[in-house]
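Single-structure report; data block below.
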Amino acid sequence: MKRIAAAALMAGLTFAGQAMAEPVKIGMITTLSGGGAGLGIDIRDGFLLAINESGNKDIKVIVEDDAQKPELAVQIADKMVQSEKVDILTGIVWSNLAMAVVPGVVGQGTFYLSTNAGPSALAGANCNPNYFNVAYQNDNLHEAMGNYANTANYKKTFILAPNYPAGTDALTGFKRFYKGALAGELYTKVGQTDYATEIAQIRASGADSVYFFLPGGMGIAFMKQYSQSGISTPVMGPGFSFDQDVLGAIGDAAIGVKNSSHWSKDLDNAANKKYVAAFKAEYKRLPSLYATQGYDTANLILSAVAKASVKDKDAFRAALKEAKFDSVRGKFKFGNNNHPIQDIYVREVIKEDGVLTNKIVATSFTDHQDAYAASCKM
């Protein structure tokens, strides 16, 4: 009888603990269809891997596809905030969608944690206490490659990017650190797949190098056409343009290309080794930079949930800002504008066990902070 009474008491305590646990609702708006679907799928998969690993049954994640359309993203965000009553929003890939969604969301007192998009407009004077970027500020990886171009002794680089906020931030960032001359500067259409005109301009420019930021299918199309053109001028890019999500489609033309990233699968820390193995086991592929940012974002949220109620805005905000979680990047901290201060590496595309991937070959920046933080009054 004593054993039965003890068991009943324990069951009662367990039930009470479960009843008292506070549910946390997270709305994920990301791109799951169209040309940019691979990026959103990776973000979703990395994020959900971390949530599932945690075993936290009180976190509910609602995932919806924005189809890379700003107006649809706004509609979904409004529904999630006003009808679904989510506590946190996350997941947007594209900066033009982030600019359409984030100001309204944080203005209503809802937290937004960016898994990718980092437009300059949200890093400086328009920073907000409820907005955290767990990835980077858009300029950062491009700044790192501008710095690398100097060490590689490039004197006449041709640069191009899509004509949207992340594209203009990209080339602004590259030029901020690059000391050479520009052989040309082009802004292409978002979603463009034919780059014959741009490649002809590169050929005629006399460039000694090419730097491009063309995420997703845009970069795949450009690299295939560039390789077929027979131009031998070396290309560089940010990690997005030569990451795991696109390397298979680009093929061997990517081997040897240098690119910048704040993460690489060969970073030597325990959290990263565990993550790479777990992602590969779960999804039967190597993780990309996008997946990794999703994974870190989820683990940041989990660390904050363990310390404070999401309903207590000040306490939860402080827990997010503290960023006490095991980042796969190793060290991780936020600057005054809630954007990361972090190391940025130069990687080289290699073939490893028959699979195209990256390895770190240099460090471009240590503890790098974005250029807009000084304008943020937080």
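Please enumerate the residues belonging to the range 208-246 that are closer than 20 Å to K156 by Cα, of a type in the set (A, V, I, L, M) and open to solvent by 10 Å² or more (accessible area, probe 1.4 Å).
I231, V235
Considering only residues that are open to solvent by 70 Å² or more (accessible area, probe 1.4 Å) and touching a Pro at 6+ places or on another chain (Cβ under 8 Å), which ones fall in the range 332-378?
Once the filter is applied, which keeps residues that are open to solvent by 70 Å² or more (accessible area, probe 1.4 Å) and touching a Pro at 6+ places or on another chain (Cβ under 8 Å), the range 332-378 yields K333, M378.
Determine which single condition A277 fails, assuming it passes every other condition in (1) without any contact (Cβ under 8 Å) to a residue 12 or more places away in the chain; (2) within 22 Å of Q192 (Cβ to Cβ).
The single condition A277 does not satisfy is (2).
Going by what's in this entry, would K307 be described as at negative phi, at pLDDT 95 or above and touching a Pro at 6+ places or on another chain (Cβ under 9 Å)?
No, not satisfied.
If you check G294 against the conditions, is it in the same structural domain as G219 (by TED's automatic domain parsing) and either under 15 Å from the mean Cα position of the chain (by Cα) or open to solvent by 10 Å² or more (accessible area, probe 1.4 Å) (or both)?
So G294 does not fit the description; no.
Conditions (1) open to solvent by less than 10 Å² (accessible area, probe 1.4 Å); (2) in the same structural domain as I88 (by TED's automatic domain parsing); (3) within 24 Å of Q137 (Cβ to Cβ), marked per residue:
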position: K284; (1), (2), (3): no, yes, no
position: Y290; (1), (2), (3): yes, yes, yes
position: K307; (1), (2), (3): no, yes, no
position: A318; (1), (2), (3): no, yes, yes
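So that you can scan it fast, the table gives a plain yes or no per residue for (1) hydroxyl-bearing (S, T, Y); (2) modelled with pLDDT of 95 or more; (3) more than 27 Å from the chain's Cα centre (by Cα):
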site	(1), (2), (3)
Y154	yes, yes, yes
P162	no, yes, no
G167	no, no, no
F177	no, yes, no
A181	no, yes, yes
G184	no, yes, yes
G191	no, no, no
I199	no, yes, yes
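Condition (residue is of a type in the set (A, V, I, L, M, F, W, C), surrounded by fewer than 21 Cβ atoms within 10 Å (Cβ to Cβ) and farther than 17 Å from L97 by Cβ) applied to the range 141-151: is it met by at least one residue?
No: the range 141-151 contains no residue that is of a type in the set (A, V, I, L, M, F, W, C), surrounded by fewer than 21 Cβ atoms within 10 Å (Cβ to Cβ) and farther than 17 Å from L97 by Cβ.
Filter the range 35-76 for residues that are touching an Asp or Glu at 6+ places or on another chain (Cβ under 9 Å) and among the small types (G, A, S) and give the result.
A37, G38, G40, G46, A50, A73
What's the total number of residues in the range 251-278 that are part of a helix (DSSP H, G or I), assigned by TED's automatic domain parsing to the domain that holds G237 and open to solvent by less than 30 Å² (accessible area, probe 1.4 Å)?
2
Taking into account only those residues within the range 172-190 that are open to solvent by 50 Å² or more (accessible area, probe 1.4 Å) and not aliphatic (A, V, I, L, M), which is farthest from D243 (Cα to Cα)?
It comes out as K179.
Does I41 satisfy being under 18 Å from the mean Cα position of the chain (by Cα), without any contact (Cβ under 8 Å) to a residue 24 or more places away in the chain, assigned to a helix (DSSP H, G or I) and in the same structural domain as A271 (by TED's automatic domain parsing)?
yes
Wholly within the range 82-145, which strands (runs of 3 or more DSSP E) include no fewer than the required count, namely at least 2 residues that are over 19 Å from the mean Cα position of the chain (by Cα) and modelled with pLDDT of 95 or more?
none
Go through the range 66-93 and give me each residue that's of a type in the set (D, E) and open to solvent by 50 Å² or more (accessible area, probe 1.4 Å).
The answer is E71, D78, E84.
Quick one: would you say A298 is closer than 19 Å to T357 by Cβ, of a type in the set (G, A, S), in contact with a Leu (Cβ under 9 Å, 6 or more places away or on another chain) and at pLDDT 95 or above?
Here the answer is no, as A298 does not meet what is asked.
The values are calculated or read from the model by the stated rules, or taken from the named source; none is laboratory data. Here the structure is a predicted model, which means the values were calculated and not measured. Backbone-built Cβ (ideal geometry, glycine too); neighbour counts: all protein chains shown. The accessibility values were calculated without ligands, DNA or RNA, using every heavy atom of the protein model including side chains. Shrake-Rupley method; radii C 1.70, N 1.55, O 1.52, S 1.80 Å.
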